[in-house]
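*Asks:* Input: one structure, supplied below.
The values are calculated or read from the model by the stated rules, or taken from the named source; none is laboratory data. Bear in mind that the values here come from a model prediction, so they are computed numbers and not experimental data. Note: ideal-geometry Cβ built from the backbone for every residue, glycine included; neighbour counts use all protein chains shown.
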Amino acid sequence: MRWWRWAIRVVLAGVTAVVVLAAVTFVQVWWVGREDHHPRSDALVVLGASQYDGRPSAVFAARLDHALALYRQGVAPDVITIGGKQPGDRYTEAEAGAAYLRRRGIPADHVIVVPEGSDTLGSLTAVAGVMNSRHWRSTVLVTDPWHSLRSRTMARDLGLRASTSPVTTGPAVHGVDTKVHYILREGIGYRWYQLFHRASPPEATTRAV
């Protein structure tokens, strides 16, 4: 019966390790989501979110408004909007975001549209290529607090000097249930990315509008 005891100990040790790793991950997501670090950079990058026929959703608008405030503070001379579109959509997330910022006073030649990617990694890979082609390295990522750790990790893996400035308003930051939901989801997404989808710096590209 000794082998049963040994097996039980191994299983318990494994379960304990998984629980501890999960707890550490969720704390990381929460902690980075509280950090607002926006040094002077080459460009602001606004992570895309849902848009409805060219009109940003409330979550997306909160990100765009935050980026607009940082731009007006002089954090970066240019803003990059990123994100593709769903089947049947007329506009990409990047296009909807760019139009929103231009209507609020950012000159068109200071808003760069990278309308690629169906997920965070795909969009950041595309924007890393565009930034490389312009010899830009530093960026401040604008997204929801709980999305900050995963997006920052991806951007750094892609060779960018990335900081994050998370939004403080909008649907993603209100309500305990909402926060818990996003922290759990992003914690799982972060570990999944680390285990199975680690990125590497892309080749330079000029695909931008």
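*Asks:* Is it true that L158 is crowded, with 20+ Cβ neighbours inside 10 Å and within 9 Å of the chain's Cα centre (by Cα)?
*Replies:* Judged against the criteria, L158 is not a match.
*Asks:* Among the candidates T206, T168, T139, T120, which residue alone is modelled with pLDDT of 95 or more and under 28 Å from R40 (Cα atoms)?
*Replies:* Only one candidate passes the filter, namely T139.
*Asks:* Follow-up question, since we're still on this one. Across segment 82-118, what is the total count of residues that are among the polar types (S, T, N, Q), within 16 Å of Y52 (Cβ to Cβ) and out of contact with any Lys or Arg (no Cβ under 8 Å at 6 or more places or on another chain)?
*Replies:* Looking only at that region, the number is 1.
*Asks:* If you check D109, D78, which single one turns out to be surrounded by fewer than 16 Cβ atoms within 10 Å (Cβ to Cβ) and either out of contact with any His (no Cβ under 6 Å at 6 or more places or on another chain) or not aliphatic (A, V, I, L, M) (or both)?
*Replies:* The match here is D109.
*Asks:* May I ask you to verify whether M131 is more than 18 Å from G33 (Cβ to Cβ) and not β-branched (V, I, T)?
*Replies:* So M131 fits the description; yes.
*Asks:* Among the numbered conditions (1) part of a loop (DSSP other than H, G, I, E, B); (2) among the aromatic types (F, W, Y); (3) within 12 Å of the chain's Cα centre (by Cα), tell me where W136 comes up short.
*Replies:* All conditions are met except number (3).
*Asks:* OK, next. Please identify the pairs in which a residue from segment 54-67 that is surrounded by fewer than 16 Cβ atoms within 10 Å (Cβ to Cβ) has its Cβ atom under 9 Å from the Cβ atom of a residue that is at pLDDT 95 or above, counting only partners at least 6 apart or on another chain.
*Replies:* G54/E95; G54/A96; G54/A99; G54/Y100; R55/A61; R55/A96; R55/Y100
*Asks:* Consider only pairs whose beta carbons are under 6 Å apart and that are at least six residues apart or on different chains; among these, list those whose first residue lies in segment 31-42 and is among the hydroxyl-bearing types (S, T, Y) and whose second residue is at pLDDT 85 or above.
*Replies:* Matching pairs, first to second residue: S41/A76; S41/S138; S41/T139; S41/V140.
*Asks:* Separate question: Yes or no: segment 16-36 includes at least one residue that is modelled with pLDDT of 90 or more and farther than 30 Å from D89 by Cα.
*Replies:* yes
*Asks:* Could you pull out the residue among V173, V127, V142 that is of a type in the set (A, V, I, L, M, F, W, C), touching a residue at least 12 places away in the same chain (Cβ under 8 Å) and either surrounded by fewer than 20 Cβ atoms within 10 Å (Cβ to Cβ) or at positive phi (or both)?
*Replies:* Going through V173, V127, V142 in turn, just one is of a type in the set (A, V, I, L, M, F, W, C), touching a residue at least 12 places away in the same chain (Cβ under 8 Å) and either surrounded by fewer than 20 Cβ atoms within 10 Å (Cβ to Cβ) or at positive phi (or both): V173.
*Asks:* Just give me the residues in segment 78-92 being under 21 Å from P39 (Cβ atoms) and of a type outside the set (V, I, T), in sequence order.
*Replies:* Passing the criteria: only D78.
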